[in-house]
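One structure below.
The values are calculated or read from the model by the stated rules, or taken from the named source; none is laboratory data. Owing to the predicted nature of the structure, the values given are computational and were not obtained by experimental measurement. Reconstructed Cβ throughout: ideal geometry from the backbone, glycine too, with neighbour counts over all protein chains shown. Note: areas computed on protein heavy atoms with side chains; ligands, DNA, RNA excluded. Shrake-Rupley method; radii C 1.70, N 1.55, O 1.52, S 1.80 Å.
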Amino acid sequence: MSRGLGIAFSIGTSVLWACGDDGPTVAGDGTGTTSSASTTGTTTQGADETASVGTSTTSGDGDGGSTTTGAPEAPLAFASGIRLTRLTANQGVQVDLVDEGLELPPSPDAARLISGRTTLLRAFWSLHADFTPRELIGRLEADYPDGTQLVQDFSLWVEGEGNDGGTSFQWLLQPHEVVPGIQYRVRLLDPDPTLATGQISDPPPILPLASRGTLSVYDAPLQLRVELVPVLHQFEGEECMPTITDQDVQDMREELEQCNAVQEAILTVGEPMPYLDPIGTSGTGFGPVLTALAERRAADDPPPNLYYYGLLAPCDGYPPGLLGQAIGIPPTPAMELAQQRIATGRWSGSGAAAAETFVHEIGHTQGRYHVLCSGGEAGADMAYPHPQGRIGVWGFGIHDFKLRSPTGSRDYMTYCSNEWVSDYGWEQTLDVIEVLTSWDAMSTTPGDGVLMGALHPDGTERWWTATGALPASLATPGAAIEVTHAGGVDPLPAWIYVRPDGDTVQIIAPRPASLPLATALHLRPPDRVAPLAIDPAAIHDHFAARARAGD
Ligand SMILES: [Zn+2]
């Protein structure tokens, strides 16, 4: 039931310009091809890597057939002895644009590219027998709907064939350079014609062959908003809490952004949440502390699209084998289900160390079930299309510039290591992200309120109310909350489920209008399980408190 501990194990293949620290780089992968990136253009310096993309020039002439780099110079000839075959785009999961020279129509099965996000384009080739190893230029020309043109040159020493895990001609588009309606074409050129050998292929090395291709880009605001809540564990005379620096927040943000179809994730750090009960030694996993976070969210009543994520560094250690827990898997991105956007996980000393569990638990609250890999994943999504939880397509990190292989990496909803986003997971959450982003004007959650209950594995329970509503479709057949008052008994529908990654039973029902008058409450589970009495006086009514505050 628990989110298992994966063995720290990472095979990253860096793209050409990234000096990866834990994986083979492209140049040394044994394909016999070495490379050098042109540094005449944009150079981006990062903490751990240097990104160098080629000459990058924008002009206003809109003529797709001309180059526009500075002073007049002789146009370069097509490279000889080489044929371009394939072009891909990657914002996290790879999308094929051109195959065998032909532009591919947008496929309903493929992941969507989104606007405003770093995009890696890669081109692959085949060689003629008489090809002489030498440096070639890959030139990208991108024509924009506003009439401007982007030209990017990428220099590469070509010695053998390229492939997805090895060398490729690469162009990196910055977020502002990714908009709908881009028309693109790439070609290979010989910078020094005196070194060229053999014939120029027929057709020449250009993609797509027929004419410019159109980059299909899904254009919508896409953001994730998360409040990080450091849990202040006050236990046996000690105080234990993560110290969250700007770097930690950045590391968590970047991992979330890399694995989700967003333009940006916005992470804030909230006030510490005091918590007095045992955590690591409780025997109840993170159930009760997750309940406390849910009550914290109920009291705060933040915007309905804001996720709450508790960060834990307990004084009594972590529950064995448990990395994190989410309160639920909302089946639909309903505004009224704001109380489902709550999760928690291990801090493990840093934002970088906490990030992978963070992505997994937020994934649950986005509506994702587990993906089978280790076999320990309970409640798995049987529609997942790739065997053993593999990601299925090449992955690319927009912040770390590393490539992930389709078979060597696993979906982040598995319990296996080498976690990344699959094309399936990318698409599954994109629509949820779009819906939640559209609520940005909402400051509170609509609805008549919900009654929530948590039955923890140690026999303790907690009941509270919050804003929101229970969609009728989610009610568990045969289950009810019965409210007894002077006028009779009101039966209400109830949704009962076991929280993911844990054993806590969660109950959500409409907040009874008769709650202030209730003399008794009962939870009536389905399947003839004996009803459970709820003490009306023990319900923490955050909804009423908010209603009073609003008067
Ligand atoms: Zn999980």
Averaged across orientations, what area in nm² does the convex hull of the alpha carbons in segment 223-437 project?
11.0 nm²
Over the Cα atoms of segment 108-233, how large are the radius of gyration and the largest Cα-Cα distance (Dmax), in Å?
19.1, 72
Using 18 Å as the cut-off for backbone N distance, which residues of segment 458-492 belong to the label zone defined by a point 7 Å from the Cα of T268 along Cα→Cβ?
467
Full-extension gain between A77 and Q234, please, as 0.36 nm times their residue separation minus the C-alpha to C-alpha distance.
49.4 nm
What number comes out for accessible area per residue over segment 450-549 if the probe is 1.4 Å? Units Å², please.
46 Å²
Rounded FRET efficiency, nearest 0.05, which uses the C-beta distance separating S350 from A210 and R0 of 51 Å
0.50
Provide the FRET efficiency to the nearest 0.05 for the D448-S126 pair, computing r from the beta carbons and using R0 = 45 Å.
0.10
Kirkwood Rh, Cα Rg: Rg to Rh for the chain?
1.06
With all protein chains present, how much of the accessible area of the chain (probe radius 1.4 Å) comes from carbon and sulfur, to the nearest whole percent?
54 percent
Quote the accessible area belonging to H386 in square angstrom, nearest 10, computed with a 1.4 Å probe and with ligands, DNA and RNA left uncounted.
40 Å²
Can you tell me the accessible area per residue over segment 222-263, all protein chains present, probe 1.4 angstrom, in square angstrom?
41 Å²
Relative to the present Cα-Cα distance, how much length would full extension add between A486 and A299 at 0.36 nm per residue of separation?
64.4 nm
Taking R0 as 56 Å, what FRET efficiency do you get between H176 and D535 from their Cβ-Cβ distance, rounded to the nearest 0.05?
0.45
Computed [θ] at 222 nm, helices only, for the chain once each DSSP H run of length n ≥ 4 contributes -39500 (n - 2.57):
-3500 deg cm²/dmol
Of all the C-alpha pairs in segment 388-453, what % are more than 20 Å from each other?
49 percent
What area, in nm² and to one decimal, does the C-alpha convex hull of segment 164-310 cast on average over all directions?
15.4 nm²
Would you mind computing, in nm to one decimal, how far apart the modelled labels at Q250 and D458 are, each placed 7 Å from Cα along Cα→Cβ?
3.9 nm
What is the extension gain from A547 to D527, computed as 0.36 nm multiplied by their sequence separation minus the C-alpha to C-alpha distance, in nm to one decimal?
3.6 nm
So how tilted is helix 351-365 from the main axis of the chain? Cα-based, degrees 0 to 90, rounded to 10.
70 degrees
